[in-house]
Structure formats: structure tokens, C-alpha cells
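Peer 1: Let me give you the structure first, and then I'll get to my questions.
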Amino acid sequence: MSKRVGLEASHAAAEAARMADVDVIAAYPITPQTHIPERLAEMVADGELNAAYIPVDSEHSAMSTCLGAAAVGARTFTATAGPGLEYMHNVLYVASSMRLPVVMTVANRALSAPLSIWGDHSDAMGSRDTGWIQIFCQNSQEAFDMTLCAFRVGEDPGVLLPVMVHFDGFHLTHVTEPVILPEQEEVDRFLPKFHYPFALDPDKPMSLGAFAPPDIYPEAKIAQEMALRKSKTVIIQEFQQFGDIFGRYYQPVELYGMQSAKTLLLTMGSFSETAKIAIDTKKNNGESVGLINLRLWRPFPSKELFQAIKSTEVLVVFDRCISFGGPGGPVSSEVRSTLYNEKEKPKVVNFIGGLGGRDMSVEDFEYVIDRGREIAEKGSDELFETVGIRGEVTGTRG
Amino acid sequence: MKEKSIKFGKNLVTTEEFLAAGHSFCTGCGEVLAVRLACKALGRNVIIANATGCIEVCTSPLPVTSWRVPWIHTLFENVAATASGIEAGLKILTKKGRVPERDIKCVAIAGDGGTSDIGIQALSGAFERNHDFLYLCFDNEAYMNTGIQRSSATPYGASTTTAPAGKLSIGQTTWKKNLPEIAVAHNIPYIATACPSYPFDLMNKVKKGGDVKGPAYVHIFSPCPTGWRHASDLAIEIGRLAVETGIFPLYEVENGRYKLNIDRPKLRPMKSMPNSRPRPPVLQLDFF
């Protein structure tokens with residue numbers, strides 16, 4: 001029998017790693033990720049989890065240690081946040097390029113300066129080209145579920161890629177919510193033992209991580225890109241499998257409300273739940289609105305996204321990150337790029353907000369929808385507008 | 001650590017090669033000779049983690065490899081952390097019965113820059129956490145793979161491409177960072193210095209470092225004809241002179257106890273060192 005318990009997202013992710021019977025955890029403390037390694041260290045100390053817990057000297061060493069452990073065939077887990085993710089940036093590319101399926105929780109945090117320990121998506125967006133699978137969670141239950149799915153997908157012999165599970169710092173990491181924990185037997189049914197086909201072994205010597213001259217490098221990178229793109233099929237398949245066993249079904253792109261809504265709001269992470277309340281309020285007022293929760297960020301689910309938004313009139317994209325000097329927030333840039341060659345497409349309006357832990361209320365999202373519709377109707381020279389930020393802001397196309 | 005682990009000598013070295021011929025090291029390289037000897041001392045049951053540098057680049061250009069033992073390269077600055085993961089991973093998988101019980105030695109190899117500059121944090125962490133691994137630093141006293149740039153292991157007075165001797169400079173104005181002593185400060189069970197000019201001594205030390213439980217560090221003086229601008233037939237002679245002049249003493253520190261391995265009653269004078277190690281002719285060695 002599964003049981004319903006109160007857990008913060010951090011402990012839910014740690015619980016998922018425990019039920020996945022991880023072999024090696026290498027982690028370095030950084031707010032707001034700390035509760036995850038703390039809980040895992042406690043489990044190892046109490047004998048609840050038979051794993052090596054390695055308290056490394058930095059995030060760079062955390063990911064490097066994970067590479068070594070994964071290369072001998074260990075199921076490997078780590079967690080970090082914001083500046084920690086940036087500090088291991090170099091190593092992230094190696095993990096995906098060497099096809100080492102490390103699973104990492106990212107407790108999304110803003111980047112310095114000024115120093116901020118609070119949440120936004122700058123860290124996740126800075127990692128979008130590293131070749132990792134990136135999945136966003138809305139709540140503690142999803143933190144548990146997506147962590148299990150991350151192991152299942154990443155370790156699939158046809159995938160062998162590292163996976164980042166994102167949940168918002170503080171808004172999720174430190175908030176206790178009801179979580180349904182499954183039986184170990186169910187987890188074992190979903191997640192087989194990890195068998196890494198290229199494990200370092202003196203009986204079968206292999207050279208891993210060799211260098212590539214120009215006559216080999218491009219082919220290697222394109223092969224990696226194809227593997228990441230193809231992983232989407234496995235992700236969808238494993239979400240289905242997860243639902244069949246645990247009763248909770250997920251999609252790369254999730255629609256809340258009417259398929260035929262005239263205005264759709266697109267959000268990621270924990271703010272999607274706040275935005276849903278705004279959608280409900282507006283629907284009760286008779287407005288034709290809906291919400292797109294973008295769960296899968298990499299590989300970018302272009303096809304699924306287009307299917308979900310093609311018949312709407314206005315798409316309001318909410319970004320929790322600035323792409324400095326870029327054509328709008330990173331999510332809106334990619335959404336606009338997805339739509340550019342389509343004949344029938346909605347007008348896209350971009351808002352940036354929720355930076356460095358600044359809260360977004362239900363009313364803020366109602367404003368975003370109203371203002372978004374207004375901009376779509378009247379047109380605007382701005383690439384984006386901000387919400388809840390003092391002072392004059394212009395994001396002109398100039 | 002007893003004398004039993006000392007076993008190499010004439011006719012007692014395996015003829016098996018774990019580093020295959022056909023690599024692309026420079027002619028007369030002291031480093032590759034040291035790597036080859038170290039591999040013979042370690043045998044087949046090893047996993048080698050390699051930092052970026054000459055050794056990595058000269059042994060692994062895709063689609064070929066020189067390695068007959070399992071080998072991994074990830075980055076420049078993190079080899080001690082990668083080795084930590086290999087060691088901890090193998091240990092827990094063995095404990096869980098997923099890998100058969102077996103003595104597999106985890107060995108990290110890097111150059112002096114990868115050890116004393118960019119990799120020192122990861123190395124210090126791995127020592128402090130007491131991983132059961134052997135770290136081999138091949139010290140050619142500068143960033144030779146990128147073109148002879150100074151490192152913190154470059155000796156005083158040496159001329160390198162980023163600390164060149166000139167009208168206003170003698171070249172390197174700082175003293176060589178003492179990595180073996182930094183290793184000693186971590187209270188690890190075994191530290192040694194070695195040089196391929198003394199092949200049996202080198203192999204014994206590598207073997208000992210591999211056998212010891214816990215972290216071990218062997219710092220290997222590796223003459224570099226390209227970087228030191230010496231003739232390609234002089235690597236052995238220069239290595240021997242470095243030891244005999246006291247520039248690079250050969251010693252071991254076992255559980256905190258020092259032992260000088262080559263103890264000449266009288267050191268040879270510095271001027272017997274040929275004008276090598278990236279050093280401008282104007283300096284000569286009588287500068288010292």
C-alpha cells in the first residue's frame with residue numbers, strides 16, 4: 001500500500017533517490033538545496049540507504065565524482081542550485097557527452113550578483129545547451145515522481161544521458177506538502193537495476209573520454225544531439241509506464257483548462273500551480289483562458305507544444321530569467337522560434353518576472369493575462385514586459 | 001608497508017606493455033618513459049583516470065588508444081575527484097555484490113599544472129576524504145602541452161613563454177611549489193618522489209603507493225626535451241643530475257617518516273647540470 005505523508009520537495013527527492021537504491025551520492029551544500037544531501041546523509045548514517053555518501057570539496061568535484069562513479073556502473077545522484085550549477089558547468093557537458101546517466105536535482109536559484117539565495121530559472125536556462133535532459137516540477141509529489149522517472153529515462157540503454165530535475169528553490173524545496181509514497185515493490189517494478197554497458201573493467205579495458213581531432217569531433221557531437229532528441233520518445237513512453245504503475249500520468253507539455261481557449265498562459269515549475277488559480281478565476285468569469293505547463297525543457301518538445309497551442313489566438317509566455325541582451329526571455333525565444341515557420345500561429349507575448357525569489361501572486365498572473373491580451377490586440381514595440389518590477393523597463397526591439 | 005612490496009630489479013620486470021607503442025609523445029620524452037614504467041609496476045588490475053595534458057593527448061586520439069588497461073579522461077582540473085568516484089563506486093558496488101570481490105587499484109595521473117595549480121582543490125579533497133587511490137604527478141615543470149607556459153611547479157629563474165626572461169626579468173621569479181610536502185601535510189600514508197632515471201626505484205614506489213590502503217602520492221620528475229630545450233638523448237642523464245645535485249631529491253614519507261632513497265655523501269655541484277629546464281643561457285647555473 002502506498003502511503004500519503006507530509007514532505008517538502010527536498011525530502012521527497014531524497015526519498016525517491018533512496019527508493020531507487022542509489023549507489024553513490026556526491027554533493028556539496030548550497031542553499032536552497034541543502035535539505036536534499038542532508039536527508040540522504042542521514043539515511044546512509046542510519047542504514048536506511050546502502051550507498052557511498054561523498055561530501056566533496058565543491059560542486060565541480062561533486063559532478064566530477066559522479067562521472068567517475070557512473071563510469072564504473074554505479075547509480076549516481078547529486079543535487080545543487082544556482083551558482084553551484086554554474087560552478088560545475090564545464091563538467092555538465094562531459095557528463096552528457098560521455099553518456100553517463102547521472103541524476104541531479106536542481107533547486108532553482110538566482111545567480112549572483114547581487115547575491116540571492118532565492119529562486120528563479122537563470123541557473124536552469126544557463127544549462128540548456130549542456131546536453132542534459134531537463135524536467136521541471138510543480139510540487140513535492142512531482143519532485144518524487146520526476147526523480148524516479150529521471151533514473152528510468154537516463155539509464156535506458158537507448159538514452160544513456162544525464163537528467164536534471166528542476167524544482168524551485170524555497171517555493172518547493174522548503175514547503176511541506178502531501179506526497180504519496182509508493183511501495184518499494186512498485187518502484188522496483190518501474191526501475192530495473194542499473195546496468196552501464198561501458199563500465200570500466202580491467203577484464204574489458206576501454207578508453208573513455210578520448211580526444212577527438214576535427215575529422216571525428218563533429219560526428220560525435222551530432223550523434224549526441226540525435227540521442228538527446230530521440231530520448232523524447234523514451235520520456236513519453238516512461239511517463240506512460242509510470243502512470244500505469246503509480247496512477248499519475250505526465251506529459252512533456254501539459255494543458256490545463258480548455259484546448260480551445262482563446263488565450264493561453266505558458267509557465268514552468270511551481271508558478272504553474274499559482275497560475276492555475278488565476279486561470280480558474282478567469283474561467284469562472286466566463287473568459288476563454290487556459291494554461292500550458294511546460295514540463296520538459298530539454299529535449300525541447302516542439303511538436304507537442306505546437307499541437308497544444310496552434311489553435312489559440314494569444315500565447316502569453318512567462319519567463320523567470322533574463323537572457324541579457326537577447327530577444328526576450330529564453331522560454332519565449334524558443335517558443336517564438338518553434339512557431340516562426342508555421343502558417344497558423346498565435347500571437348506571442350512575453351513577460352519576465354519572479355526573479356530572485358520575488359513572488360508572483362494569483363492577481364499578478366491575472367494581470368499578465370489581461371495585459372498580454374491587450375498587447376496582442378494593440379501591438380507593441382517591446383520584446384517583453386516585466387511584471388512586479390519597480391521603475392521604467394523597456395525591452396524594445398531596437 | 002614492509003620490504004615485501006619491493007620487488008623490481010633486473011629480470012624481475014614484466015615484459016608486458018600496458019601502454020602500447022605508437023603513441024605521439026615527443027622523441028626522448030622522460031614523462032612517457034615514467035608512465036610506461038609505472039604501468040608495468042601497477043599491472044593489469046587498475047583503472048586509470050587521466051587529467052588533460054600531454055599524457056592524455058598523446059595516448060588517446062580517436063579512433064585509436066594506447067591503453068591496454070581501463071582508462072578514463074574527463075577534464076583537466078578534476079582528475080582526483082573523478083578518481084574518488086571510481087574508487088567509491090567500485091567499493092559500494094562490491095559491497096552490494098554487483099561487482100565481484102577483487103583488488104582493483106584506482107590511479108589518477110596528471111601533470112604538474114593539473115596537480116599544483118588547477119587541480120589542487122580536488123586533490124586536497126580526495127586526500128582529506130581518505131579515498132583508497134594512488135595519485136601520480138608527472139612533473140615537467142611547466143604547461144608543456146599548451147606550449148611551455150609557467151606553472152607553480154616551474155623553478156626559480158626558468159624562462160617560459162608566459163614568464164620569459166627579458167631585459168627586465170630573469171624569467172620565473174617565484175620558487176617551485178612543494179607538492180610532495182603539501183601531500184605530507186594531509187597526513188596520508190604514503191608519499192614519494194621518483195624519476196625515470198632510477199627505473200627500479202620508481203617502480204617500487206609506484207607499486208608501494210598502489211598497495212597502500214588509503215591515499216598515496218608519487219611525484220615524478222619528468223625531463224621534457226621540448227620544453228627544456230635539451231637534446232632528445234639527454235632525459236635520463238638530466239634526471240640523474242637533478243637527483244645527484246639535490247635539485248630533485250628522491251625520498252619517501254611512510255606514515256610520516258622520511259627516508260632519503262638516493263643519499264650521496266656529497267652532492268654534485270649545480271654547474272654540472274646542463275643548460276636545460278627552460279632557462280635562459282644568461283642565467284647558467286652558477287647563478288645559484
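Peer 1: So how strong a dipole does the stretch A:3-246 carry about its Cα centre when Lys and Arg Cβ are +1 and Asp and Glu Cβ are -1, to the nearest 20 debye?
Peer 2: Working: 16 positive and 31 negative charges, 92 e Å.
Charge dipole, the stretch A:3-246, about its Cα centre: 440 debye, nearest 20.
Peer 1: For the stretch A:155-234 and the stretch A:267-295, what is the separation of their C-alpha centers, rounded to whole Å?
Peer 2: 32 Å
Peer 1: Can you list the residues of the stretch B:144-170 with backbone N under 12 Å from a point 7 Å past the Cα of residue B:229, pointing along Cα to Cβ?
Peer 2: So the set is B:158-161, B:164-166.
Peer 1: Further question on the same structure: Farthest toward the dipole's positive end in the stretch A:226-272, which of A:249, A:269, A:228, given Cβ charges of +1 (Lys, Arg) and -1 (Asp, Glu) about the Cα centre?
Peer 2: Result: A:228.
Peer 1: Please sort B:162-171, B:84-93 by packing, taking for each peptide the average over its residues of neighbouring beta carbons within 10 angstrom, highest first.
Peer 2: Details: B:162-171: 14.0, B:84-93: 27.8.
So the order, starting with the most tightly packed, is B:84-93, B:162-171.
Peer 1: Next question, about the same structure. Just name one of A:33, B:69, A:384: the one whose Cα is farthest towards the positive end of the charge dipole of the protein assembly as shown (beta-carbon charges, Lys/Arg +1, Asp/Glu -1).
Peer 2: Highest projection toward the positive end goes to B:69.
Peer 1: Quick one: which residues, 5 or more positions from residue B:160 or on another chain, have an amide H under 5 Å from its amide H? H modelled 1.01 Å from N in the peptide plane, none for Pro or chain starts.
Peer 2: Amide H neighbours of residue B:160, under 5 Å, 5+ apart: B:165, B:172.
Peer 1: Then there's this: Taking θ = phi - 60°, what integer Hz values does the Karplus form 6.51 cos²θ - 1.76 cosθ + 1.60 yield along the stretch A:291-302, in sequence order, with x for Gly and Pro?
Peer 2: So the J values, rounded to whole Hz, are 10, 9, 9, 8, 7, 9, 9, 9, x, 5, x, 4.
Peer 1: Another question about this same structure. Using modelled amide H (1.01 Å from N, peptide plane; none on Pro or chain starts), what sits under 5 Å from the amide H of residue B:251, excluding residues fewer than 5 places away?
Peer 2: Answer set, sorted by chain and number: B:193, B:261.
Peer 1: OK, next. Rounded to the nearest whole Å³, what is the per residue volume of the convex hull around the Cα atoms of the stretch A:1-130? Please list the in-between numbers first.
Peer 2: Values: hull volume 15.0 nm³, N = 130.
Hull volume normalised by residue count: 116 Å³.
Peer 1: Follow-up question, since we're still on this one. Report, as an integer, the average count of C-beta atoms from other chains found within 10 Å of each Cβ along A:330-338. Provide the component values of the computation, followed by the final result.
Peer 2: Working: counts 0, 0, 0, 0, 0, 0, 0, 0, 0.
Whole-number average of other-chain Cβ neighbours for A:330-338 is 0.
Peer 1: Once fully extended, how much extra length lies between residue B:237 and residue B:130, figured as 0.36 nm per residue of separation less the alpha-carbon to alpha-carbon distance?
Peer 2: Details: separation 107, 0.36 × 107 = 38.52 nm, distance 3.66 nm.
Stretched out fully, the residue B:237 to residue B:130 stretch lengthens by 34.9 nm.
Peer 1: If you count the DSSP beta bridges with both ends in the stretch A:3-246, what percent of them are antiparallel, to the nearest 5?
Peer 2: Working: 6 of 26 bridges.
Antiparallel: roughly 25 percent of the beta bridges in the stretch A:3-246.
Peer 1: P(r) for the stretch A:274-349: what percent of alpha-carbon pairs falls in each 5 Å bin, starting at zero?
Peer 2: Calculated over all Cα pairs of the stretch A:274-349, the distribution is 3, 14, 24, 24, 20, 11, 4, 1 percent.
Peer 1: Just list whichever of B:7/B:271; A:3/B:91; A:204/B:96 have alpha carbons separated by over 30 Å in the model shown.
Peer 2: Values: B:7/B:271 35 Å; A:3/B:91 34 Å; A:204/B:96 21 Å.
Cα-Cα > 30 Å for B:7/B:271; A:3/B:91; rest within.
Peer 1: Given a Förster distance of 25 angstrom, what is the FRET efficiency for residue A:371 paired with residue A:177, based on the Cβ-Cβ distance and rounded to 0.05?
Peer 2: Numbers: r = 31 Å, r/R0 = 1.22.
With a Förster radius of 25 Å, E is 0.25.
Peer 1: Which order do the peptides B:34-45, B:243-254 take when ranked by the mean count of other beta-carbon atoms within 10 Å per residue, highest first?
Peer 2: Values: B:34-45: 22.2, B:243-254: 19.2.
Order by mean packing, descending: B:34-45, B:243-254.
Peer 1: Could you tell me what % of all Cα pairs in the stretch B:3-272 have separations over 24 Å?
Peer 2: 46 percent
Peer 1: With a cut-off of 8 Å between alpha carbons and a minimum separation of six or more residues, what is the relative contact order of the stretch A:255-386 in percent?
Peer 2: Across the stretch A:255-386, relative contact order equals 27 percent.
Peer 1: Tell me, what ³J(HN,Hα) does each residue in the stretch B:145-159 have, in order and in whole Hz, if you take phi through Karplus 6.51 cos²θ - 1.76 cosθ + 1.60 with θ = phi - 60° and put x for Gly and Pro?
Peer 2: 5, 8, x, 6, 8, 5, 10, 6, 9, 6, x, 4, x, 6, 9
Peer 1: Oh, and also: By average Cβ neighbour count within 10 Å, what is the ranking of A:34-42, A:94-102, A:60-68 from highest down? Walk me through the intermediate numbers first.
Peer 2: Numbers: A:34-42: 20.7, A:94-102: 23.1, A:60-68: 31.0.
Answer by packing, highest mean first, reads A:60-68, A:94-102, A:34-42.
Peer 1: Under unit Cβ charges (Lys, Arg +1; Asp, Glu -1), what dipole magnitude, rounded to 20 debye, does chain B have relative to its Cα centre?
Peer 2: Numbers: 33 positive and 25 negative charges, 98 e Å.
For this selection, approximately 480 debye.
Peer 1: Treat every Asp and Glu Cβ in the stretch A:296-386 as -1 and every Lys and Arg Cβ as +1, leave all other atoms uncharged, and give the resulting dipole magnitude about the Cα centre to the nearest 20 debye. Could you put the intermediate results ahead of the total?
Peer 2: Details: 12 positive and 16 negative charges, 91 e Å.
With only Lys, Arg, Asp and Glu charged at Cβ, the dipole is about 440 debye.
Peer 1: Which is farthest toward the positive dipole end of the protein assembly as shown among B:269, B:189, B:239, measuring Cα position about the Cα centre, with Cβ charges +1 (Lys, Arg) and -1 (Asp, Glu)?
Peer 2: Sorting the options by dipole projection puts first B:269.
Peer 1: Another question, if that's okay. Students often forget the sequence filter, so: which aspartates and glutamates lie under 17 Å Cα-Cα from residue B:10 once same-chain residues fewer than 8 apart are removed?
Peer 2: Reachable aspartates and glutamates: B:201.
Peer 1: Once you have the Kirkwood Rh of the protein assembly as shown from its Cα pairs, apply Stokes-Einstein at 37 °C and 0.692 mPa s and quote D in µm²/s.
Peer 2: On the way: Rh = 27.3 Å.
Here the translational diffusion coefficient equals 120 µm²/s.
Peer 1: Next question, about the same structure. Shielding of A:51-60 by partners, i.e. mean partner chain Cβ atoms within 10 Å per residue? Write down the numbers at each step before the final one.
Peer 2: Numbers: counts 4, 10, 2, 10, 3, 7, 11, 5, 0, 6.
Per residue, the number of nearby Cβ atoms from other chains is 6 on average.
Peer 1: Which whole number gives the average count of other chain Cβ atoms within 10 Å of the Cβ atoms across peptide B:96-104? Provide the component values of the computation, followed by the final result.
Peer 2: Values: counts 6, 0, 7, 5, 1, 0, 3, 0, 4.
Whole-number average of other-chain Cβ neighbours for B:96-104 is 3.
Peer 1: Return A:347, A:303 ranked ascending by Cβ neighbour count within 10 Å, so the fewest neighbours appear first.
Peer 2: Details: A:347 17, A:303 12.
Fewest-to-most Cβ neighbours within 10 Å comes out as A:303, A:347.
Peer 1: If you plug each phi of the stretch B:214-227 into the Karplus form 6.51 cos²θ - 1.76 cosθ + 1.60 with θ = phi - 60°, what whole-Hz ³J(HN,Hα) values come out, in order, with x for Gly and Pro?
Peer 2: x, x, 9, 9, 10, 9, 10, 6, 10, x, 10, x, 5, x
Peer 1: At 0.36 nm per residue, and after removing the present C-alpha to C-alpha distance, how many nm does the segment from residue B:213 to residue B:264 gain when stretched out fully?
Peer 2: Using 0.36 nm per residue and subtracting the Cα-Cα distance, I get 15.2 nm.
Peer 1: Report the Cα-based extents of the stretch A:3-246 along its three principal axes, largest first, to the nearest Å.
Peer 2: Computed over the stretch A:3-246, the largest-to-smallest principal extents equal 54, 47, 34 Å.
Peer 1: At a threshold of 8 angstrom on Cα-Cα distance, excluding pairs fewer than six apart, so keeping six or more, what relative contact order does chain B reach in percent? Walk me through the intermediate numbers first.
Peer 2: Working: 597 pairs, mean separation 54.8, N = 288.
Reported relative contact order: 19 percent.
Peer 1: Give the dimensionless ratio obtained when the Cα radius of gyration of the stretch A:255-386 is divided by 2.2 N^0.38 Å.
Peer 2: Numbers: Rg = 13.4 Å, N = 132, 2.2 N^0.38 = 14.1 Å.
Its radius of gyration relative to the 2.2 N^0.38 Å reference: 0.96.
Peer 1: Fewest first, what order do A:365, A:211, A:242 take by the number of other Cβ atoms within 10 Å? Each step should come with its number before you reach the end.
Peer 2: On the way: A:365 28, A:211 15, A:242 21.
Going from least to most buried by this count: A:211, A:242, A:365.
Peer 1: As an exercise, use a Förster radius of 56 Å and the Cβ-Cβ distance of residue B:27 and residue A:42 to find the FRET efficiency, rounded to the nearest 0.05. Each step should come with its number before you reach the end.
Peer 2: Details: r = 57 Å, r/R0 = 1.02.
Once rounded, the FRET efficiency stands at 0.50.
Peer 1: Could you work out how far the C-alpha centroid of the stretch B:161-193 sits from that of the stretch B:79-144, in angstrom?
Peer 2: The two parts, judged by their Cα centres, are 21 Å apart.
Peer 1: Would you please give the residues with an amide H less than 5 Å from that of residue B:109, counting only those at least 5 places away or on a separate chain, with H modeled from the backbone geometry?
Peer 2: Under 5 Å from the amide H of residue B:109 lie the amide H atoms of B:49, B:50, B:51, B:136, each far enough along the sequence or on another chain.
Peer 1: Here's another thing I want to ask about it. If we count other beta carbons within 10 Å of each Cβ, what is the order of B:98, A:128, fewest first? Before the final figure, lay out each step's value.
Peer 2: Working: B:98 15, A:128 18.
The order, fewest Cβ neighbours first, is B:98, A:128.
Read-outs throughout are calculated quantities, based only on the coordinates presented, and are distinct from any laboratory measurement. The structure presented is a predicted model; accordingly, all values stated were derived computationally and were not measured. Every residue, glycine among them, receives a Cβ derived from its backbone with ideal geometry; neighbour counts consider all protein chains shown.
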